[in-house]
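Participant: The structure is given below, and queries will be raised subsequently.
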Amino acid sequence: MKKIIIVGGPTASGKSKFALNLARLVDGEIINADSMQVYKYFSILTSQPKKNDYKLIPHHLYGYVETNIKYNAVKWLNDTNNKIEKLLKNNKTPIVVGGSGLYLEFLCKGVNNMPKISTNTKEKVRLLLQSISDADLLNLIAKVDKKYSLKLNIADKFRISKLLEVYFETKKNITYFHSKNKKTNDYDFFKVLISPDKNRVRLNIKKRVIEMLEEGLVQELKKYRNKVINCNIENAIGFKEINSYIENKVTLEEATNLIVKKTKNFAKRQYTWFENRFDQNLKIYGEDNLSLVVETFKKII
């Protein structure tokens, strides 16, 4: 079997360090599955592995995409499948690491062919969500797509919106389109979810932002921000905030606080995604569970 390890989890959960130590024990190499860490120039902003990490274990698909190129999950999937095949031929264990749920879902389940949603349909759903009660909304989404609705939390308005938009646009539900996914590989995935205590992650986020500033985050943005042309890196948390500081629109303290706040909110959304859609083989809470992961993995290969 083409056994692939996936290490997923929210930001600041310790995925990168965990994967590094795991790779040493299973003769593995690491492949990036973070949509922002693929870009060049912004290694501090996107928390890419440190130079010493690259020396310890080979890392792939980090910092290799120019910041004037439109890059997406489909392109990443193609790059990742090619890289996995090369590693398997060399008898290495591919370890795919990241927090970008769409990337991991495409790798495991295939590319979905979701329909384009018209502006009118989006507005229709937006107005509906403003006027409907939670009880009626639960009944509606269960009627539209019973299977998919079981995965949803009433607070997850983003996914509920998508469910309704797809149905109103096509009269077919999301489950139908998921069934039409195009699988691009025949790998057997061993999925590990790192899900530390949320308070611990919040502390890690604040600590990491401070470390990013100490490592030269402001200098990195000053040096390379003009290389960004219509690129997703503009949406990386910290890009706009540090730019505002550089342009004297906010203080460094204000920018820092906003980065921390946005990162915490992002981690919260990631917790929800991984709990509902990752379908992990093993859930752990941190580095202390490394031996359990190795033992479990070796039993199934």
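The values are calculated or read from the model by the stated rules, or taken from the named source; none is laboratory data. Predicted model, so just to flag it, every value in this text is computed and none were measured. For neighbour counting, all protein chains shown are included, and Cβ atoms are generated from backbone atoms with ideal geometry for every residue, glycine included. SASA here: full protein model, heavy atoms, side chains in, ligands and nucleic acids out. Shrake-Rupley method; radii C 1.70, N 1.55, O 1.52, S 1.80 Å.
Participant: As a test of understanding, state the convex hull volume per residue of region 202-264 from its alpha carbons, in Å³.
Facilitator: Per-residue hull volume (Cα only) is 79 Å³.
Participant: Of all DSSP beta bridges located in the chain, what percent are antiparallel, nearest 5?
Facilitator: Percent antiparallel among DSSP bridges in the chain is about 5.
Participant: What's the tally of Lys pairs in region 151-202 whose alpha-carbon atoms lie under 23 angstrom apart, where the two lysines are 8 or more places apart or on different chains?
Facilitator: 24
Participant: Can you give the Kirkwood hydrodynamic radius for region 228-301, in Å, rounded to one decimal and based on Cα pairs?
Facilitator: 15.7
Participant: Which sequence of Met36, Met212 reflects their accessible areas, 1.4 Å probe, from the largest down?
Facilitator: Listed by decreasing accessible area, they come as Met36, Met212.
Participant: How big is Rg to Rh over region 1-120, alpha-carbon atoms, Rh as the Kirkwood inverse-mean-distance radius?
Facilitator: Rg/Rh for region 1-120 comes to 0.99.
Participant: Next question. So for the pair Asn181, Asn72, with labels modelled 7 Å out along Cα→Cβ, what separation do we get in nm?
Facilitator: 1.8
Participant: Let me ask something additional. Three principal axis extents, largest first, for the C-alpha atoms of region 123-206, in Å?
Facilitator: On the principal axes, region 123-206 reaches 39, 38, 21 Å in Cα extent.
Participant: What is the packing order of peptides 218-226, 26-34, taking the mean over residues of other C-beta atoms within 10 Å and listing the highest first? Numbers along the way, then the final one.
Facilitator: Numbers: 218-226: 15.1, 26-34: 21.8.
Those peptides, ordered most packed to least, come out 26-34, 218-226.
Participant: Expressed as a rounded percentage, what relative contact order does the chain have, with Cα pairs under 8 Å and six or more residues apart? Provide the component values of the computation, followed by the final result.
Facilitator: Numbers: 415 pairs, mean separation 92.1, N = 301.
Across the chain, relative contact order equals 31 percent.
Participant: Between Glu215 and Tyr271, what's the calculated FRET efficiency when r is the beta-carbon distance and R0 is 25 Å? Round to 0.05.
Facilitator: Result of the calculation: an efficiency of 0.40.
Participant: Arranged from highest to lowest average of other beta-carbon atoms within 10 Å per residue, in what order do the peptides 108-119, 10-21 appear?
Facilitator: Values: 108-119: 13.5, 10-21: 21.2.
Per-residue Cβ counts within 10 Å, averaged per peptide and sorted highest first, yield 10-21, 108-119.
Participant: Taking the simple approach of a point 7 Å from Cα along Cα-to-Cβ for both Tyr224 and Val26, what is their distance in nm?
Facilitator: The answer from the label model is 2.9 nm.
Participant: Length gain on complete extension for the stretch Asn81 to Lys249, per 0.36 nm per residue less the alpha carbon to alpha carbon distance?
Facilitator: Details: separation 168, 0.36 × 168 = 60.48 nm, distance 4.33 nm.
Full extension of this stretch gives 56.1 nm more.
Participant: Working out 0.36 nm times the residue gap between Asn153 and Lys116, then minus their Cα-Cα distance, what length gain in nm do you get to one decimal?
Facilitator: Full extension from Asn153 to Lys116 adds 10.9 nm.
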